[in-house]
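The values are calculated or read from the model by the stated rules, or taken from the named source; none is laboratory data. None of these values were measured; they are calculated from a predicted model. Quick reminder, even Gly has a Cβ in these numbers, built from the backbone with ideal geometry, and neighbours come from all protein chains shown.
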Amino acid sequence: MAISVFDLFSIGIGPSSSHTVGPMRAGALFVEEVENVVGVRSVTRLEVDLYGSLAATGRGHGTLGAVLLGLEGNTPESIEPAYAHNRVAQIEADGRLDLGSAKELAFDPGNIGMHPLTVRDRHTNTIRFAVHTDSAAADYTREELAAVIPAHEAVYYSIGGGFVERHGQTGGDSPTVPVPLPFRTGAELLAICARENLSISDVMWRNELAYRNSDQVRAGLLEIWQVMADSIRSGFTAEGFLPGALRVKRRAPEFHRRLITRRTTVDHADSMDWLNVAAMAVNEENAAGGRIVTAPTNGAAGIVPAVLFWALRYLPGLADADARDAAVVRYLLTAAAIAVLYKEQASISGAEVGCQGEVGSACSMAAGALAGLLGATPAQVENAAEIGIEHNLGLTCDPVGGLVQIPCIERNAIAAVKAVNAAKIAVHGDGTHRVSLDQAIETMRQTGMDMLSKYKETSQGGLAVNVPQC
């Protein structure tokens, strides 16, 4: 296990971790390669090809713009959403790309090759980049260029959650520092907890200290939560319609206004309303291309923060700032430990295993993490996480219009409620249960492999073909 909590929770922009964040990172990585191999200033022609799911739903997911921004040297962590929107529009209007902020090239985004029916062996989310240095290449047609060997080319896979792997390499962009308490399965994690007398969050904490000191880990996690909380607050107030032909109206602001103007209560129905509106707020921000935290993907980014928002609002003993900060740290560490199990044993990519890998894994993470805040034992946390995924098995990824809007926004709210319920069920038990988390994750993986490709982020099946887009 060499996956950090800061890989699983990364700050970026919407609407998709696999289709926006990953491709932007891939573009930036390729420019670094070009600079090291042939020099950016020597480039005369650029080729970009998208394959599989990236081509099938890339326009609705912002993939083309993300690739352009990455090729200009931008990264998801640092780019401002407003700049991103304006810069992509400018590139499309001018037909000029500033490669690596060092060489202006004529580049028409309409010439990006789209190959939705071509699926590479490693992953359906595949990007090919190539550059030419011959001055004559600038005038070749795309057909003529196919017969010319490029000066440098590379293939990248966006494997979900913003993780990127380069063809011919292993390990992606994850840290390779050995950790003191490695685990790949839930059984191994529980064994470590029993042997070391540690909670699941404690195990993840010790592993994080292999990368950073304790102050850095704590500050980084609190920053992650701050961005999550900001995305909730922004979603509460941002009015209007989401981008795209569907003309989906933001619902979180009106929902929020009704909650703050009605008589305050602390009953179950009131708490579920706040849970729903927080999840919807985040995913409306994501759909609009705003700043959010990948958790563990963008399409499922509302679940983990909404459940933490709910916990800080309703759980007793968290009024003190120090207690709240400690709860945030424990919650995110536990959620990340559970996410490691999905990364190691299956997938968090909707294009690979359907939405069960995105919303399902996020529901599982939030359920286990909330159980930890409720005082659960490691076995009860594992039980909560298992309940969270078991009742999302088979969930398809069929976004209408290729946009991360329908059914994605509501789906996050429903899964957040499931996560709270899963945690409550688990803490009322003693941690023993018939289906283990490892068995449920393996079932998710097998189900994803059996799932028809039209239900895996291609918009070729399900709601995507049965709901009119106008």
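Some notes on this structure:
- Residues located in the range 217-242, provided they are of a type in the set (G, A, S) and touching a residue at least 40 places away in the same chain (Cβ under 8 Å): G220, A229, S231, S234, G235, A238
This table checks each residue for (1) out of contact with any strand residue (DSSP E or B) (no Cβ under 9 Å at 6 or more places or on another chain); (2) of a type in the set (F, W, Y); (3) at pLDDT 95 or above.
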| residue | (1), (2), (3) |
| --- | --- |
| H167 | no, no, no |
| T170 | yes, no, no |
| L181 | yes, no, yes |
| T185 | yes, no, yes |
| I192 | yes, no, yes |
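- When the range 126-150 is filtered for residues that are part of a helix (DSSP H, G or I) and among the hydroxyl-bearing types (S, T, Y), only S135 remains.
- Candidates V43, V21, V48 - the one that is under 18 Å from the mean Cα position of the chain (by Cα) and not assigned by TED's automatic domain parsing to the domain that holds A336: V21
- All conditions but one from (1) part of a loop (DSSP other than H, G, I, E, B); (2) in the same structural domain as L29 (by TED's automatic domain parsing); (3) without any contact (Cβ under 8 Å) to a residue 60 or more places away in the chain apply to P180; the one that does not is (2).
- Residue in the range 235-252 that is nearest to the chain's Cα centre (by Cα), counting only those that are in a helix (DSSP H, G or I) and crowded, with 19+ Cβ neighbours inside 10 Å: G235
- Flag if K456 is assigned by TED's automatic domain parsing to the domain that holds L370, over 21 Å from A301 (Cβ atoms) and either touching a residue at least 60 places away in the same chain (Cβ under 8 Å) or not aliphatic (A, V, I, L, M) (or both): no
- For the range 409-452, filtered to residues that are of a type in the set (V, I, T) and more than 30 Å from P243 (Cα to Cα), the residue that is farthest from the chain's Cα centre (by Cα) is T432.
- Answer residue from the range 280-296, given it is part of a helix (DSSP H, G or I) and not charged (D, E, K, R) and is nearest to I79 (Cα to Cα) among those: N286
- Filtered residues of the range 151-163 (kept if outside any strand (DSSP E or B) and surrounded by fewer than 20 Cβ atoms within 10 Å (Cβ to Cβ)): A151
- Residue in the range 376-402 that is surrounded by the fewest Cβ atoms within 10 Å (Cβ to Cβ), counting only those that are under 16 Å from I338 (Cβ atoms) and of a type in the set (V, I, T): T377
- Residue within the range 408-431 that is closer than 21 Å to K343 by Cβ, touching a His at 6+ places or on another chain (Cβ under 9 Å) and small (G, A, S) present: yes
- Per this entry, R87 is counted among residues that are at pLDDT 95 or above and either more than 29 Å from F9 (Cα to Cα) or touching a helix residue (DSSP H, G or I) at 6+ places or on another chain (Cβ under 8 Å) (or both).
- Helices (runs of 4 or more DSSP H) enclosed by the range 297-408 - at least 1 residues per element that are within 22 Å of the chain's Cα centre (by Cα), at pLDDT below 95 and not β-branched (V, I, T): 350-353
- Being without any contact (Cβ under 8 Å) to a residue 12 or more places away in the chain and more than 16 Å from N283 (Cα to Cα) is true of H428.
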